[in-house]
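A.B. asks: First the structure, then my questions, so here it is.
Since every read-out is calculated from the coordinates, none of them should be taken as a lab result. What you are looking at is a predicted structure, and each value in this text was computed from that prediction instead of being measured. Counting neighbours? That spans all protein chains shown, and the Cβs are built from the backbone with ideal geometry, glycine included.
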Amino acid sequence: MKRAWFLPVLFVLCGSVLATVLIFQGSPGRAVAYLLVFVLLAGMYSPLVFPRSIGAQQAQNRSAVDGRPIVFWRPGCKYCLRLRIRLAHRARQAHWVNIWRDPAGAAAVRAANGGNETVPTVVVAGRPHTNPDPAWVRGQLSASA
């Protein structure tokens, strides 16, 4: 849990320090602008941007019933963020598993990627796909709906 929030908290702290320095230098406008940028970065890299995660076993059970893809991800991963943003509202159709919160999910990703925890790993119909094109994943979501 702590790892998931490390980067967002670091962004907010760095932004706060920079804003404080700029305010003392007499640039409150720049301070607000920089603080906003750092807060937006913190928001983008926080777990809050992603749909609610479930456990790997629960995701596999649900996927077996409804045929929807399983997306294994972790907070702070720019490729996971890219996938999430490009899927837009359709992202909620997939089953999301945070590998930092679910050891079984991390083990599934390692098994699919030769021992590496490479994310995003998307499992469709039991076949893993490492860092797939977001357009392809959208197609898979449309096919399963």
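A.B. asks: Work out the FRET efficiency for ILE23 and TYR79 from their Cβ-Cβ distance, taking R0 = 41 Å, and round it to the nearest 0.05. Present the calculation step by step, with values, prior to reporting the outcome.
C.D. replies: Working: r = 36 Å, r/R0 = 0.88.
Plugging the Cβ-Cβ distance into 1/(1 + (r/R0)^6) gives 0.70.
A.B. asks: How long is the gain from ALA125 to LEU36 if the chain were fully straight, where each residue apart is worth 0.36 nm and the alpha carbon distance is subtracted? The partial results should precede the final answer.
C.D. replies: Working: separation 89, 0.36 × 89 = 32.04 nm, distance 4.17 nm.
Result for the pair: 27.9 nm of gain on full extension.
A.B. asks: Right, next: What order, most packed first, do the peptides 24-35, 60-71, 113-124 have when packing is the mean number of other Cβ atoms within 10 Å of each residue? The partial results should precede the final answer.
C.D. replies: Values: 24-35: 13.4, 60-71: 16.6, 113-124: 18.2.
Most protected by this proxy first, the peptides run 113-124, 60-71, 24-35.
A.B. asks: Output needed: Cys residues of the chain lacking any neighbouring Cys C-beta below 4.7 Å, sorted by number.
C.D. replies: Singleton cysteines: CYS14.
A.B. asks: Shifting gears a bit: Return the sequence-ordered ³J(HN,Hα) values of the range 123-138 in whole Hz as given by the Karplus equation 6.51 cos²θ - 1.76 cosθ + 1.60 applied to θ = phi - 60°, using x for Gly and Pro.
C.D. replies: Whole-Hz 3J(HN,Hα) from phi for the range 123-138: 9, 10, 6, x, 9, x, 10, 8, 6, x, 5, x, 5, 5, 5, 4.
A.B. asks: Here's something else I'd like to know. List the relative contact order of the chain as a percent without decimals, with contacts defined as Cα pairs under 8 Å and 6+ residues apart.
C.D. replies: Numbers: 213 pairs, mean separation 33.4, N = 145.
Relative contact order of the chain: 23 percent.
A.B. asks: Follow-up question, since we're still on this one. Working from Cα positions, state the angle (0 to 90°, nearest 10) between the long axis of helix 2-24 and the longest principal axis of the chain.
C.D. replies: 20 degrees
A.B. asks: Relative to the longest principal axis of the chain, what angle (0 to 90°, nearest 10) does the C-alpha long axis of helix 56-66 take?
C.D. replies: In the chain, helix 56-66 runs at an angle near 60 degrees to the longest axis.
A.B. asks: Sum up the charges of everything whose Cβ sits under 14 Å from the Cβ of ILE54, counting Lys and Arg as +1 and Asp and Glu as -1, but leave ILE54 out. Show your work: numbers first, answer last.
C.D. replies: On the way: positive: ARG52, ARG62, ARG68, ARG92, ARG101; negative: ASP66, ASP102.
Cβ neighbours under 14 Å give a net charge of +3.
A.B. asks: Still on this model: Per-residue ellipticity at 222 nm for the chain, helices alone: DSSP H runs ≥ 4 residues times -39500 (n - 2.57), over residue total, nearest 500 deg cm²/dmol?
C.D. replies: On the way: 6 runs with 82 residues, N = 145.
After summing the helix terms and dividing by residue count, I get -18000 deg cm²/dmol.
A.B. asks: Distance in nm between label sites at ARG3 and TRP136, each 7 Å beyond Cα in the beta-carbon direction?
C.D. replies: 2.6 nm
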